[in-house]
Amino acid sequence: MYEKIKAQAKETIEEILSQCSLKPGDVFVVGCSSSTVKGEGYGQASSMDIASAIFESIYPELQKRGIILAAQCCEHLNRAIITSSQAAKAQGLEIVNVLPQPKAGGSFATLTYENLEDPVAVEHIKADAGMDIGGVLIGMHLREVAVPLNLKNNSIGLARVTAARTRPKFIGGDRAHYNEDLK
């Protein structure tokens, strides 16, 4: 099961990144319920092994592109974000004091905290794109305007995967002209 989840996560992140125009320094948020990947209810079967399989597939793909990982914690930590202190400082984010655990923060956020260099927790972030594994609702951590991505690889284990990128708002009216590169 571990290898299958790892392969699904790698295929999914590659597909998502192929549909986004992310640049080094952009933020990618991941919300992940390891319980739903196993086919269980939220918070019912948290698994560090499943989180590890997903992290090991996603993080290297982001790293080699210079994209910043932001891991969303579960509702027990008010959906706080785990990211690097460098990313938090670059965005002017206030660091909060909490350590995620598998049953209070979630396995994926816990594993992210354990593996990032100089990890911190913040309450909010505005990510440029992201993926939601298991319906944990990452929308609060995406920039306006979110554009849903149509994924062929839309499941990891038994969890549904949704994803989005963001784009700048279109402002103006009938006479406005837009930069086509920013759509």
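Please arrange 122, 96, 27, 37 by how many other C-beta atoms lie within 10 Å of their C-beta, fewest to most. It would help to have the intermediate numbers written out before the result.
Numbers: 122 19, 96 15, 27 25, 37 28.
Exposure proxy ranking, most exposed first: 96, 122, 27, 37.
If you take all C-alpha pairs in the chain, what percent of them are over 26 Å apart?
Working: 4243 of 16653 pairs.
Here the long-distance tail beyond 26 Å is 25 percent of all Cα pairs in the chain.
For residue 147, what charge total do you get from the other residues with a beta carbon under 12 Å from its beta carbon, if Lys and Arg give +1 and Asp and Glu give -1? Before the final figure, lay out the partial values.
On the way: positive: 143, 165, 167, 169, 183; negative: 128, 144.
That works out to +3.
Could you work out the relative contact order of the chain, using alpha carbon pairs under 8 angstrom and six or more residues apart, expressed as a whole percent?
On the way: 386 pairs, mean separation 46.8, N = 183.
Relative contact order comes out at 26 percent.
Please arrange 20, 73, 32 by counting, for each residue, the other beta carbons lying within 10 Å of its beta carbon, fewest first.
Details: 20 20, 73 25, 32 31.
Fewest to most other Cβ atoms nearby, the residues stand as 20, 73, 32.
Counting only DSSP beta bridges with both residues in the chain, what percent are antiparallel, rounded to the nearest 5? The partial results should precede the final answer.
Details: 19 of 31 bridges.
Once the DSSP bridges in the chain are tallied, antiparallel ones form about 60 percent.
Mind counting lysine pairs for me in segment 2-168? Cα separation below 14 Å, and the two need to be 8 or more apart along the chain or on different chains.
Details: 4/38; 6/38; 10/64; 10/152; 23/64; 89/126.
Final tally of qualifying lysine pairs is 6.
Let me check I've understood the local charge: for residue 166, count other residues with C-beta under 12 angstrom from its C-beta, Lys and Arg +1, Asp and Glu -1. What total comes out?
Working: positive: 126, 143, 165, 167, 169, 183; negative: 26, 128, 144.
Around residue 166, the surrounding residues sum to +3.
What is the dipole size for segment 2-168, taken about its Cα centre, with +1 at each Lys and Arg Cβ and -1 at each Asp and Glu Cβ, in debye to the nearest 20? Show your work: numbers first, answer last.
On the way: 16 positive and 18 negative charges, 72 e Å.
The calculated dipole for segment 2-168 is roughly 340 debye.
Say R0 is 30 Å: what FRET efficiency, to the nearest 0.05, do residue 124 and residue 48 get from their beta-carbon distance?
On the way: r = 26 Å, r/R0 = 0.87.
Between residue 124 and residue 48 the formula returns 0.70.
For 108, 170, 28, what's the fewest-to-most ordering of other Cβ within 10 Å of each Cβ? Kindly include the intermediate steps, with their values, before the conclusion.
Numbers: 108 33, 170 11, 28 26.
Least crowded to most crowded, the residues run 170, 28, 108.
Along Cα→Cβ, 7 Å out, is where each label goes; now give me the distance between the ones at residue 167 and residue 96 in nm to one decimal.
It is 3.2 nm.
Every read-out reported here was derived from the displayed coordinates using simple, explicitly stated rules and does not represent laboratory data. The structure presented is a predicted model; accordingly, all values stated were derived computationally and were not measured. With ideal geometry, Cβ positions are generated from the backbone for all residues, glycine too; neighbour counts draw on all protein chains shown.
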